[in-house]
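Each value in this text was obtained by applying a stated rule to the coordinates, not by laboratory testing. All of these numbers come straight from a predicted model, not from anything done at the bench. Every residue, glycine as well, gets a Cβ built from its backbone with ideal geometry; the counts of neighbours run over all protein chains shown.
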Amino acid sequence: MVNFFPIKINKTEEGKSLSIKWNDEKVTEVTLQKLRDECPCVNCKGESVMFESYIPLKSPFKPAGFYEIEKIEPVGNYAIQIYWKDGHNLGIYSWDILREL
Ligand SMILES: [Zn+2]
């Protein structure tokens, strides 16, 4: 049971972080770089298949827009989906993940 959820998500002034205000008055801030590096999608984070874990190699090459957000869309009432400017949009960030970052 999730008992917290964001009531406001804003880009900070310099545009390098997201500031998240939660329903319990807590405010957390996470850099876009961290958000992207921690993208929870299978392509970025890997997955476990039959006890074998697959972890993708991190490329040192970052395409333009890698750490820039195009838009954010809500997913149901439990997560947001972040569209990055390099075209990546598979990451669904649940409230749990956002809160931990
Ligand atoms: Zn991803």
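Given Cα pairs under 8 Å that are at least 6 residues apart, what percent is the relative contact order of the chain?
Worked out over the chain, it gives 19 percent.
Sum up the charges of everything whose Cβ sits under 11 Å from the Cβ of SER17, counting Lys and Arg as +1 and Asp and Glu as -1, but leave SER17 out.
Values: positive: LYS11, LYS16, LYS34; negative: GLU13, GLU14, GLU29.
Value of the local net charge: 0.
I'd like the GluC sites (Glu not before Pro) in the chain restricted to DSSP loop residues with at most 12 other Cβ atoms within 10 Å, sorted by number.
GLU13, GLU14, GLU25
Hey, what did the stretch 57-101 get for relative contact order, percent, Cα under 8 Å, at least 6 apart? Before the final figure, lay out the partial values.
On the way: 57 pairs, mean separation 13.2, N = 45.
Result for the stretch 57-101 is 29 percent.
Chymotrypsin sites (Phe, Trp or Tyr not before Pro) within the stretch 40-86: which are DSSP loop residues with at most 14 other Cβ atoms inside 10 Å?
PHE51, PHE61, TYR78
List the trypsin sites (Lys or Arg not before Pro) in the stretch 21-93 that DSSP assigns to loop (not H, G, I, E or B) and whose Cβ has at most 11 other Cβ atoms within 10 Å. Which are they?
LYS26, LYS58
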